[in-house]
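Student: Could you have a look at this structure, given as structure tokens, before my questions?
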Amino acid sequence: MGKSRNARRGRGAAQTVAEQVDGGLAELVPDRDRPRAWTLLIDGAPQSHVDLDDPTYLSFEYQRRLGHVIDLVAPPGRPVRAVHLGGGALTLARYAAATRPRSTQQVVERDAALVGLVRRELPLDPGARIRVRCADARDGLAKVPDGWADLVIADVFGGARTPAHLTSAEFLDEVRRALAPGGVYAANIADGPPLAHVRGQIATAAARFAELALIADPAVLRAKRFGNAVLVASAHPLPVAELTRRAASDPHPARVEHGKALTDFTGGAAPVTDAVAVASPAPPPSVFR
């Protein structure tokens, strides 16, 4: 697993835990404002935030938006079957377990050393029905039974970029196969001006799903800065009005685009296939300063 080092933040304070994992240097940094909360960074890039005392607390904007999708995928509190592609600190799996007890969840995370670090330092609730599989996201998805999942969430980054093979129509064919009738797919997409990547991802999803919505900061949608957008897709109508209300009431309000406005936003971008897929763009260094 490599060497680890601890840096004490002061007498009696929690420690920053740093350890080399497969994807780079992982750091678990204590939250100064929440006693048992931690931020996971990989090579300096923030990946996840977890509050062990309150797993329903979602600090990162994009994770809060994915939390809205989890909240609306089924009636409140009803258990669901969820697949999380990309594990990080297991923030969203913990959230779903807390808000929808008795849910059955599969997490697919390629970085086995990271999984070991998170399990050791940020242990899961023993009662949570969360299974973690160490595998490539697409390979792990292929092992999910047909029609098993109510929800598939893709939040996979290597070196702060989404791997190319998780951006294609063929990948979405696997997602559709794994989803139950009425199931929902949600993806965290990172992009910046001129938004060519996110436009291509919308076009790709539109080629495979009848209903789409995109949740993002207005400045990101206007191609003013690099940031995250959450793409939501389903074969059935989405709860767009409630997603819009929740996104607008967040501490950092977001806009929801759907229907013709979302189609127009793609600007005629073509769907992405395995043959032409590329990784998402790397964020500028200023993003993490």
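The values are calculated or read from the model by the stated rules, or taken from the named source; none is laboratory data. If you're wondering where the values come from, they're calculated on a predicted model, not measured in any experiment. Note that we place each Cβ from the backbone using ideal geometry, even for glycine, and neighbour counts take in every protein chain shown. Note: accessible area is taken over every heavy atom of the protein model, side chains too, but ligands, DNA and RNA are not part of it. Shrake-Rupley method; radii C 1.70, N 1.55, O 1.52, S 1.80 Å.
Student: In the stretch 78-104, which residues are over 19 Å from Gly183 (Cα atoms) and free of Cβ contacts under 8 Å to residues at least 40 places away in the same chain?
Tutor: Once the filter is applied, which keeps residues that are over 19 Å from Gly183 (Cα atoms) and free of Cβ contacts under 8 Å to residues at least 40 places away in the same chain, the stretch 78-104 yields nothing.
Student: With a cut-off of at least 2 residues that are open to solvent by 30 Å² or more (accessible area, probe 1.4 Å), touching a residue at least 24 places away in the same chain (Cβ under 8 Å) and of a type in the set (A, V, I, L, M), name the helices (runs of 4 or more DSSP H) lying wholly within the stretch 113-214. Lay out the reasoning, then the answer.
Tutor: Details: elements: 137-142, 169-178, 196-206.
Per the criteria, 196-206.
Student: Being more than 27 Å from Gln47 (Cβ to Cβ) and modelled with pLDDT of 95 or more narrows it down to one of Val272, Val240, so name that one. Steps first, please.
Tutor: Values: Val272 fails: more than 27 Å from Gln47 (Cβ to Cβ).
The match here is Val240.
Student: Right, here's the next one. So, in the stretch 252-277, of the ones that are within 19 Å of the chain's Cα centre (by Cα) and not charged (D, E, K, R), which residue ends up farthest from Phe60 (Cα to Cα)?
Tutor: Val256
Student: Does Gln20 meet the test of being touching a residue at least 24 places away in the same chain (Cβ under 8 Å), over 15 Å from the mean Cα position of the chain (by Cα) and not in a loop (DSSP other than H, G, I, E, B)?
Tutor: Working: touching a residue at least 24 places away in the same chain (Cβ under 8 Å): yes; over 15 Å from the mean Cα position of the chain (by Cα): yes; not in a loop (DSSP other than H, G, I, E, B): yes.
Criteria met by Gln20.
Student: Can you name the residue in the stretch 266-289 that is buried (at least 17 other Cβ atoms within 10 Å of the Cβ) and touching a strand residue (DSSP E or B) at 6+ places or on another chain (Cβ under 7 Å) and, of all such residues, is farthest from Ala219 (Cα to Cα)?
Tutor: The initial filter retains those residues of the stretch 266-289 that are buried (at least 17 other Cβ atoms within 10 Å of the Cβ), namely 266, 269, 271-272, 277, 279-281, 283.
Still in the running and touching a strand residue (DSSP E or B) at 6+ places or on another chain (Cβ under 7 Å): 279-281, 283.
Working: Ala279: 23, Ser280: 19, Pro281: 18, Pro283: 16 Å.
Among them, the one singled out is Ala279.
Student: Sticking with this one: Find the strands (runs of 3 or more DSSP E) located wholly in the stretch 24-101 whose residues include 1 or more that are of a type in the set (Ser, Thr, Tyr) and buried (at least 17 other Cβ atoms within 10 Å of the Cβ), and list them. Full working, then the answer.
Tutor: On the way: elements: 24-30, 37-42, 45-51, 81-85.
So the answer is 37-42, 45-51.
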